[in-house]
Amino acid sequence: MKFWETKTLSEMTTAEWESLCDGCAKCCLNKLEDEASGQIYFTSVVCDLINLDTCRCTRYSERTTRVPGCIDLKQHDFSEYTWLPDTCAYRLLSDGKPLPNWHPLISSTPESVKEAGVSISSYAIKESQVDDLEEHIIEWLPIA
């Protein structure tokens with residue numbers, strides 16, 4: 001059995017935890033919250049630290065100090081993060097669901113995330129290029 005099938009998120013080593021990230025970078029997209037309903041809306045606008053080709057943070061080890069709103073998921077109670085996309089491995093495992101076939105731990109290649117259309121690389125824009133986040137709210141279609 002694979003480690004993600006036998007361990008809870010809190011039982012995983014740092015290396016195991018980090019390997020769960022599929023590199024889609026959806027969690028790095030700017031989000032807006034409707035104060036009345038609490039609904040979270042994702043935008044197509046991403047933090048300026050993200051490399052849009054690789055969908056990885058260029059300053060990962062410093063991200064939470066360089067970007068005040070950046071969250072280190074490992075440092076918090078995971079049940080608080082129901083806002084994560086349905087494709088996120090952390091959310092899937094927390095909800096008792098399996099990893100999808102395109103996840104790099106299953107497919108053995110990081111390119112499978114882009115091939116499945118899960119990565120933000122084809123549509124994201126940097127926040128330094130945007131004036132109004134509300135103009136960039138997006139909705140995702142379910143991924144098979």
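Some points to look at:
- The one condition in (1) in contact (Cβ under 8 Å) with a residue 60 or more places away in the chain; (2) over 15 Å from the mean Cα position of the chain (by Cα); (3) within 20 Å of A15 (Cα to Cα) that V113 fails to fulfil: (2)
- Residues being modelled with pLDDT of 95 or more and either among the aromatic types (F, W, Y) or part of a helix (DSSP H, G or I) (or both) - total across the stretch 68-111: 5
- Residue ID - modelled with the lowest pLDDT, chosen from residues in the stretch 14-47 that are among the β-branched types (V, I, T) and either part of a loop (DSSP other than H, G, I, E, B) or within 16 Å of the chain's Cα centre (by Cα) (or both): I40
The values are calculated or read from the model by the stated rules, or taken from the named source; none is laboratory data. Worth saying up front: this structure is predicted, and the values here are computed from it rather than measured. Cβ sites come from the backbone with ideal geometry, for glycine too, and all protein chains shown count toward neighbours.
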